[in-house]
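Here's the structure we're looking at; comments come further down.
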């Protein structure tokens, strides 16, 4: 069984994931919706990740605070916990009224296969990333590109296959292509899927304007923190 890479498929990942071959994905980097009604999407991602990740592969998925415990409990049934990376967002922050909490951070939960023994990122990774603020140009729930760039390049190498189960505005495939990774994406909304394809195609038309991130990314973050967090 094989599947064509470097494409965004219109459809529901939870129903189409069976078409992805075993041990074929190097990195899953995805941002499912945070509402409780989408918990089954998280659960499906965890279940399929155990099968489709390579032995050295990683699942990195954004998780909001409200349902985090439920998602972690489900993930433990299928995967091995690696780390809870934090994205701290400056500026305007949503209020979670049921918990009376101003949410200024979100998690990027990292997991490996349960049988993984030496799965490690390509470089040392900052445990906290200072976000660049809202970027809703391509999707109402979009994240800024710096997050995807940093974590995708830390957890994969050129030529690796990067999967996004919930493509949205196309940030994951866009960054994957920009930094010489192969990609595979799923988006249930046909119009949004086509917008994401257009965004990725723009790299072919205009070329990549990105330089491969290195230690300077981490140094830039340290400098930002020094100016943003009271001593």
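Every number in this text was worked out from the coordinates using simple rules, so none of it is lab data. No experiment lies behind these values; they were computed from the predicted model shown. Using ideal geometry, Cβ is built from the backbone for each residue, glycine included, and neighbour counts are taken over all protein chains shown.
Stretching the chain fully between residue 56 and residue 77 yields a gain of 5.7 nm (0.36 nm per residue, less the alpha carbon separation).
Per-residue Cβ neighbour counts within 10 Å put 81, 34 in the sequence 81, 34, beginning with the fewest. One chain, two ends: residue 47 and residue 105. Fully extended at 0.36 nm per residue, the span grows by 18.3 nm beyond their Cα-Cα distance. Legend: calculated FRET efficiency, residue 201 to residue 157, from the Cβ-Cβ distance at R0 = 25 Å, rounded to 0.05, equals 0.55.
As an equivalent ellipsoid, the stretch 3-122 spans semi-axes of 26, 17, 14 angstrom, where each value is the square root of five times an eigenvalue of the C-alpha gyration tensor, largest first.
Take each peptide in 152-158, 117-123, 84-90, count the other Cβ atoms within 10 Å of every residue, and average; sorted highest first, the result is 152-158, 84-90, 117-123.
Each of 181, 51, 114 was scored by other Cβ atoms within 10 Å of its Cβ. Arranged with the fewest first, they read 114, 51, 181.
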